[in-house]
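Undergrad: Got a structure for you, questions after.
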Amino acid sequence: MLAEATLQTFDVPGPRYTSYPTADHFVEAFGPEDYRLAVRQRRHDGAPISVYVHVPFCASLCYYCACNKIVTRHASRGREYLRYLGMELDLQVEALGSVQLVSQLHVGGGTPTFLDDEGLSELMRMLRSKFALMPAGEYSIEIDPRTVDAARLGHLSFLGFNRLSFGVQDFETEVQRAVHRIQPAREIFDLMASARALNFQSINIDLIHGLPCQTLQSFERTLEQVCSLRPDRVALYAYAHLPERFKAQRRIQTAKLPPAAERVAMMSRAIQKLGSAGYEYIGMDHFALADDALAVAKRQGRLHRNFQGYSTQPDTDLIALGVSAIGRVGGTYSQNAKTLAQYCDSLERGRLPIERGLVLTREDVLRRAVIMAIMCQGYLDYASIGIAHLVEFRDHFAVELAALGPLEHDGLVTLTDHDCTVTEKGWFAVRAIAMVFDRHLQHARSRNHLTRII
Ligand code: SF4
């Protein structure tokens, strides 16, 4: 099968390119003053911004988790956290200098719905008091189905959220037990029905393949249930088992993980099944119904990519709030302190809690444009990129264009003297195509190569 063979060949670890350079290249030399400088430079811009709020708390631990979270059952921690978010918001608004229009808000975690209704109301009240949320904006929140009911979904709608993302992962009880995340299918079906009745504009379901106890057959049953629920979008992530890096994953029995070939078969079957159910493959881990804004944007070459994955929103500056949150302003990235103690400590001292970040070089900006054009449009027009970035594309990227040769031979791209187009088959390996232009990866590879030689 076409997709399976391509997925198998390119089933290699690599960046997801929600940013370029990726977060592992951020440096601690970048601090609050660098951020303030970047923000000052956008003061007269007037363009709408995006806002991300990170809520780090979870009531229980999922064993596959690789997120920055704090497991606690004390609701009071959420209330205390809101106080710090308020302090951070004040500092951000002071740096931004005027009331900003917001076209996109995403509340993620952790578990945003760890906050009770009162806490979520307070969060939205704080944001609305400092920002002008545009009427046609996209306001989304991640939902742990175990923490909400129909009434809570109604409250989220009342607060202005118009997009929901349900963390389902897998419907099979055995898999749910193995990852310590029990959420009966019946309850998720009821929640989806309530969300539909409340007219949320877009509903996403997150799935994970490669979890313990999953088999191709069991995953097919999950996919069938997902298709019958008919969410507007499906995000299907690959589980990466890295117990030495993520402590929670040490509770997963390696022997229960599906073998690599079966994991690839699951992804391939998902592409096939979701395709027959009317979903279009957007790229990487994302699928959307043909009439969903994401699928329409892909067909029209208007896709974008940000820290939440694919988006229909044009590139906007992203203001990030909360522990470990990552923002992007102009040619900079910034990340908040990763521990709650450091985050709170900075705010107590009246400092933005920015711990590290990056000022992009001209070369980074150029390569970011190239990588995003591949990931989003699947197309590189050498002349237009050359004009926008003042380079002779074919000379500047001679090594990379040569490296695309084998990918062209494999049918993943077509190359002419003027452009590069990702083929239908190439979309299944779009990350591998983008990696060719990642200078930081090239450097890391040559360093590893040297180490091996020495
Ligand atoms: S997977 Fe999500 S809900 Fe589960 S522990 Fe991690 S952040 Fe919390």
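The values are calculated or read from the model by the stated rules, or taken from the named source; none is laboratory data. All values reported here derive from a predicted model rather than from experimental measurement. Backbone-built Cβ (ideal geometry, glycine too); neighbour counts: all protein chains shown. SASA here: full protein model, heavy atoms, side chains in, ligands and nucleic acids out. Shrake-Rupley method; radii C 1.70, N 1.55, O 1.52, S 1.80 Å.
Undergrad: Roughly to the nearest percent, how much of the accessible area of the chain is carbon and sulfur, given a 1.4 Å probe?
TA: Summing carbon and sulfur atoms, their accessible area is 54 percent of the total for the chain.
Undergrad: Which distance in nm do the two modelled labels at Arg128 and Ala402 give, with both placed 7 Å along the Cα-to-Cβ direction?
TA: Label at Arg128, label at Ala402, 6.0 nm between them.
Undergrad: Given a 1.4 Å probe, how much area per residue of the stretch 79-216 is accessible, in Å²?
TA: Accessible surface, normalised per residue, equals 38 Å².
Undergrad: Which of the lysines could a cross-linker span from Lys338 if the Cα-Cα distance has to be under 21 Å and same-chain partners fewer than 8 positions apart are dropped?
TA: Lys69, Lys247
Undergrad: Also: Quick check: net charge around Ser276, other residues with Cβ under 15 Å of its Cβ, Lys/Arg +1 and Asp/Glu -1?
TA: For residues surrounding Ser276, the net value is 0.
Undergrad: If you don't mind, there's one more thing I want to ask. Cut-off under 18 Å on the C-alpha distance; same-chain residues fewer than 8 positions from Lys425 excluded. Which aspartates and glutamates are left, in chain and number order?
TA: Glu4, Asp11, Glu280, Asp285, Glu408, Asp410
Undergrad: Then there's this: Give the relative contact order (percent, whole number) for the chain; include only Cα pairs under 8 Å separated by 6+ residues.
TA: So the answer I get is 20 percent.
Undergrad: Continuing with this model, one more query. Taking the alpha-carbon set of the chain, what are its Rg and Dmax in Å?
TA: 21.9, 64
Undergrad: Next question. Compute the accessible area per residue over the stretch 361-443, keeping the other protein chains in place, probe 1.4 Å, unit Å². Write out the running numbers ahead of the final one.
TA: Details: 3710 Å² over 83 residues.
On a per-residue basis, the stretch 361-443 sits at 45 Å².
Undergrad: Now a separate question. What percent does the relative contact order of the stretch 361-443 come to when contacts are Cα pairs within less than 8 Å and at least six residues apart?
TA: After rounding, I find 34 percent.
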